[in-house]
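Below: one structure, written as structure tokens.
The values are calculated or read from the model by the stated rules, or taken from the named source; none is laboratory data. A quick note: this is a predicted structure, and the numbers were derived from the prediction, not measured. Positions of Cβ are backbone-derived with ideal geometry, glycine not excepted, and every protein chain shown enters the neighbour counts.
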Amino acid sequence: MISIINNPGSTVAYFRQENYEALLKSGSDKRELEREGVKRLLDELGYAGLSVGYKTSGQPYLQESPELYLSVSHSKGWFAVMVGTVPVGVDIQIYSERLQAGQDYFRNDREIAFENDEQALHLIWCAKEAFYKWKEGEIADLKEDFSVIEINEDTVLADYAENRYSLNYRSFEKAFLVFISG
């Protein structure tokens, strides 16, 4: 079932493909499954038949509607897209026990209070990914320059370039979705 979250100027759609692992084991191509998942979400949002292209920054866009902003994410059978009239960024990740062991790769010293909180570490990872997409990759040092300072019931507060940002999140079925627009 596809879930949709409407925001001012943007919409997020996401779903979990139940038989994803079985499809991979039976020989389905991972990239093709990802394209099909994104297409399914775009169709659901009313963008059927539109082609996804990529800017030199790597940012996806709708070729027939370049005035719209698009962000795409997928993680082991979970798929998310965000479309808006304003810049957007979305990331979806499944729970991974390995994330805590690898946290030095993405967590900075200002985020040390979260080092033993697995959910917070997943949200930090997702927030950094979503923010990076929202900024179209225009961040010199994502690990150090973007810092999560607070996690609330459905928002992640972060500092970047002396400004405070609020990113929305949802957690469900051992997966995490973080998104930002505006």
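Quick notes on this structure:
- Residue 60 being surrounded by fewer than 18 Cβ atoms within 10 Å (Cβ to Cβ), closer than 18 Å to residue 14 by Cα and not β-branched (Val, Ile, Thr): yes
- Condition check for residue 125 on (1) surrounded by fewer than 20 Cβ atoms within 10 Å (Cβ to Cβ); (2) under 25 Å from residue 61 (Cβ atoms); (3) outside the structural domain of residue 55 (by TED's automatic domain parsing); (4) in contact with a helix residue (DSSP H, G or I) (Cβ under 8 Å, 6 or more places away or on another chain): one failure, at (1).
- Scanning the stretch 1-41 for residues that are modelled with pLDDT under 95, in a loop (DSSP other than H, G, I, E, B) and touching a Leu at 6+ places or on another chain (Cβ under 8 Å) yields a single hit, 17.
- Scanning the stretch 48-99 for residues that are acidic (Asp, Glu) and in a loop (DSSP other than H, G, I, E, B) returns 64, 67, 97.
- Between 165, 169, the distinction of being in contact with a strand residue (DSSP E or B) (Cβ under 8 Å, 6 or more places away or on another chain) and either over 22 Å from residue 100 (Cα atoms) or not aromatic (Phe, Trp, Tyr) (or both) belongs to 165 only.
- A Cβ distance below 7 Å, combined with a sequence gap of six or more or placement on separate chains, defines the contacts here; from the stretch 157-181, residues that are basic (Lys, Arg) reach residues that are assigned to a strand (DSSP E or B) in the pairs 164/157; 170/177; 174/94.
- Checked against (1) within 19 Å of the chain's Cα centre (by Cα); (2) more than 29 Å from residue 18 (Cβ to Cβ); (3) in the same structural domain as residue 159 (by TED's automatic domain parsing), residue 116 meets all criteria but (1).
- The set of residues in the stretch 9-34 being under 18 Å from the mean Cα position of the chain (by Cα) and either exposed (fewer than 11 other Cβ atoms within 10 Å of the Cβ) or among the acidic types (Asp, Glu) (or both) consists of 31, 34.
- The lone criterion from (1) in contact with a Lys or Arg (Cβ under 7 Å, 6 or more places away or on another chain); (2) at pLDDT below 95 left unmet by residue 89 is number (2).
- Listed by first and then second residue, the pairs with beta-carbon distance under 8 Å, at least 6 apart or on different chains, first residue in the stretch 99-112 and more than 12 Å from residue 143 (Cα to Cα), second in a helix (DSSP H, G or I), are 99/118; 99/121; 99/122; 99/125; 100/118; 100/121.
- Residue within the stretch 38-55 that is exposed (fewer than 14 other Cβ atoms within 10 Å of the Cβ) and either under 17 Å from residue 86 (Cα atoms) or assigned by TED's automatic domain parsing to the domain that holds residue 136 (or both) present: yes
- Residue 129 in contact (Cβ under 8 Å) with a residue 12 or more places away in the chain, part of a loop (DSSP other than H, G, I, E, B) and under 20 Å from residue 11 (Cβ atoms): no
- Sole residue being out of contact with any Ser or Thr (no Cβ under 9 Å at 6 or more places or on another chain), closer than 14 Å to residue 71 by Cβ and not β-branched (Val, Ile, Thr), chosen from 165, 132: 132
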